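A quick write-up on the structure given underneath.
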Amino acid sequence: MIADLWWRVRLLNTDILEEEAKAGVFDAQQPTYPLLALNLRARRDNLVATIGVLERRAKSLSEAA
C-alpha cells in the first residue's frame with residue numbers, strides 16, 4: 001500500500017511539472033501560478049503526510065512484535 005502511495009506521489013509530481021511548464025510559471029508564490037498545480041501540490045503533500053503516518057505505524061508495530 002505504501003509503495004502504491006509513493007507511486008501516486010510521483011504521478012502528482014509529474015502532473016505538477018506539466019502544469020507549471022504549460023503556464024511557464026514555476027514559483028507557487030506568483031499570482032499567475034496555475035490553480036490546478038496548487039491543488040495537485042496540496043494533494044501530494046497530504047499523501048506524503050499520510051505515508052509518513054503509515055510508515056511510523058508500521059515501524060512501531062514491527063518493533064512491538
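The values are calculated or read from the model by the stated rules, or taken from the named source; none is laboratory data. No experiment lies behind these values; they were computed from the predicted model shown. FYI the Cβ positions are ideal-geometry reconstructions off the backbone, even for glycines, and counts take in every protein chain you see. With ligands, DNA and RNA removed, areas are computed over all heavy atoms of the protein, side chains included. Shrake-Rupley method; radii C 1.70, N 1.55, O 1.52, S 1.80 Å.
Each residue in the stretch 24-46 was checked for being within 30 Å of residue 58 (Cα to Cα) and either charged (D, E, K, R) or open to solvent by less than 40 Å² (accessible area, probe 1.4 Å) (or both), and 5 pass.
Restricting the first member to the stretch 1-16 and to residues that are assigned to a helix (DSSP H, G or I), and the second to residues that are of a type in the set (Ser, Thr, Tyr) and surrounded by 12 or more Cβ atoms within 10 Å (Cβ to Cβ), the beta-carbon pairs closer than 7 Å and six or more apart or on different chains are 5/50. Which is of a type in the set (A, V, I, L, M) and open to solvent by less than 70 Å² (accessible area, probe 1.4 Å), of 3, 21, 64? Of the residues listed, the single one that is of a type in the set (A, V, I, L, M) and open to solvent by less than 70 Å² (accessible area, probe 1.4 Å) is 21. I'd like the full set of residues that are among the charged types (D, E, K, R) and within 14 Å of residue 7 (Cα to Cα), limited to the stretch 21-58. Scanning the stretch 21-58 gives 43, 44, 45.
Residue count for the stretch 23-65, restricted to those that are modelled with pLDDT under 95 and acidic (Asp, Glu): 1. Of all the numbered requirements in (1) surrounded by 14 or more Cβ atoms within 10 Å (Cβ to Cβ); (2) basic (Lys, Arg); (3) free of Cβ contacts under 8 Å to residues at least 12 places away in the same chain, residue 57 misses one, and that requirement is (1).
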